[in-house]
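Worksheet: one structure, shown below.
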Amino acid sequence: MSDRMQPIPFEALLDWVFGEYRAQGSIFGVKKFWRPPEGAGEPFMGRSIESAVGPAAGPHTQLAQNIVTAYLCGGRVFELKTVQVIDGEDLHVSKPCILAEDEGYNCEWSTELTVLQARDEYIKAWVLLHVLAKELGLGRPDGFVFCMSVGYDLAGITSPKIDGFLDDMKDASRTDVFRDCLAVLARRVGDFNRFTPEDINAISPNPCNNVTISTMHGCPAEDTERIALHLLENKGLHLMLKCNPTLVGFDYARRTLNALGFHYLSFGQEGFENDLQYDDAVPMLRRLQKRAGELGLFFGLKLTNTFAVRANHGELPEKNIYMSGRALLPLSLRVAARLRMDFGNALPMSYCGGANAKNIVVLRGLNLFPVTVCTELLKPGGYGKLEAMASALEAAKAAKAIGQRALLDNLIQTLCTPARKTPTPHRALLKARLLTKAARCKACGICVSVCPNRANVVIDVDGSHLLLHMDGLCNECGNCASFCPEKQVPYLEKFTLFTDREALENSRNAGFTFLPETGRFLLRWGGACREVDPEDEGFPTQIGGMMMAVRDRYPWLLYR
């Protein structure tokens, strides 16, 4: 089993999307598509968004199919996963890297792809969303926004690798991947009912006109300001600056989290002392806002980054991890409240930190716009939760801005339910599940919904629903194991489809790959690998049925 993802080529993406849609009425497992009301749209950084919600920079925007799935469910703001100069195999990420049973934890930051692979994924998604918007009537082709995220210091952001990424995302026409996508569409345009050659020509070659700065905890204020000025002055990009929750101060964070039951969260004062201080942040933000205005560019804040804590309970393999989700809500709202007192509504603020369908209308009413989510999408229901959030926002368009500090303080109490005692150690959870004789998988689909990459799929084999794991889409984040009701570890234990012979031979998972040169399959079952024909007499019925079902009725899964 490899934790290296293999991006799906654009034409194979088309085959999967429309093959599944025509056969099953779903795309990447999503059956209910969100459609905006006629005329929906709000201005954001010089463009328009049909819904003020979407996935935050993280696992839900790392691959093209992730972005497509979020769009189908109602996302219209896509914070693309952060890129940095250290990438690909040079970037070490301990696995498992996600635990989202309650509040979220992670020990990964930027994309695990190379910068060039990430660029290609984002451009493929950009083009494909234009196709889906027109072909399926999901809204205007210009009704969504892509937001780049780069980190983590000035040297990295000004390096040729990241500088080239910024230029390519501003003008994708200079890239082979954009030209190849258009060529595929031109060749396949007869396959569509509503998408026309004119629509191909209308696809904008400019995916991004903006960027979010993501700095590491402890980045000095002067470095942050230099990065911001570089992106404004030299790259001409609208800019969002991601703030850390440490702006609330140690005493407030400790007191508030204790009062809400999060006393088990472990963090020290040093993280607050080394981070940007509030008294330094305010004058810096005023200077940047002024400079952006002089350049005719948008400047705003992203509230907030994740919160650095210690993994004292073995939550994840790393000692220092990052917390998100509902425990972040009181800290992020406090940052918003302090900044509102100094800036009023003159400083735009987008929001991420514990948002969900129950509180998103209140957050929007506080003039926090747009709202993005990550941890909520890692729970059962997955991307589908965006539909509830988009619908809630649409039903509450009349919500008015609220600025009273007392109301904010009350929201902190009412929007956070009591915490549990302590988080579950992820390694212990995996060990216990692998040693437990689990119940037979009922293909309930929970592992499908919680996987950001769509690496688990349910297929029909002779009237039975069976779970199939996709090796090439899995990075072993571990999220599916947290929620399996049968106490299994899907990414290690489920029958697995591999992209090719090498991938199968380098794994220990039971599974198979199709060999197009012979029309046969390479199978690992019981530890040994052998070439087989599932139609041979005496071949195990269920295993053979899965293999033939993929070949004959789910061919889009056999991408290369």
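Odds and ends about this structure:
- Under the condition of being closer than 19 Å to Ser449 by Cβ and not polar (S, T, N, Q), the residues counted in segment 69-85 number 6.
- Only one of the listed residues (Val30, Val68) is of a type in the set (Val, Ile, Thr) and in contact with a strand residue (DSSP E or B) (Cβ under 9 Å, 6 or more places away or on another chain). That residue is Val68.
- Restricting attention to segment 461-517, the residues being part of a loop (DSSP other than H, G, I, E, B), on the phi < 0 side of the Ramachandran plot and either open to solvent by 50 Å² or more (accessible area, probe 1.4 Å) or of a type outside the set (Val, Ile, Thr) (or both) number 18.
- Note on segment 287-402: enclosed helices (runs of 4 or more DSSP H) holding 3 or more residues that are touching a Leu at 6+ places or on another chain (Cβ under 7 Å), over 20 Å from Lys81 (Cα atoms) and touching a residue at least 12 places away in the same chain (Cβ under 8 Å) are 329-343, 360-365.
- Restricting attention to segment 151-171 and to residues that are modelled with pLDDT under 95 and not in a helix (DSSP H, G or I), the residue that is nearest to Ala57 (Cα to Cα) turns out to be Gly151.
- Identity of the residue in segment 294-310, among the hydrophobic types (A, V, I, L, M, F, W, C), open to solvent by less than 20 Å² (accessible area, probe 1.4 Å) and out of contact with any His (no Cβ under 8 Å at 6 or more places or on another chain), that ends up farthest from Asn209 (Cα to Cα): Val309
- Count of residues meeting criterion [among the hydrophobic types (A, V, I, L, M, F, W, C) and either open to solvent by 10 Å² or more (accessible area, probe 1.4 Å) or touching a Ser or Thr at 6+ places or on another chain (Cβ under 9 Å) (or both)] in segment 132-145: 3
- Single residue of segment 311-345 satisfying the filter (open to solvent by 60 Å² or more (accessible area, probe 1.4 Å) and within 22 Å of the chain's Cα centre (by Cα)) that is nearest to Glu476 (Cα to Cα): Glu318
- Some residue of segment 182-191 being crowded, with 23+ Cβ neighbours inside 10 Å and at pLDDT 95 or above: yes
The values are calculated or read from the model by the stated rules, or taken from the named source; none is laboratory data. These numbers come from a predicted model, not from an experiment. Glycine gets a Cβ as well: all are built from the backbone with ideal geometry, and neighbour counts include every protein chain shown. Each accessible area value is taken on the protein alone, full model and side chains, heavy atoms only, with ligands, DNA and RNA left out. Shrake-Rupley method; radii C 1.70, N 1.55, O 1.52, S 1.80 Å.
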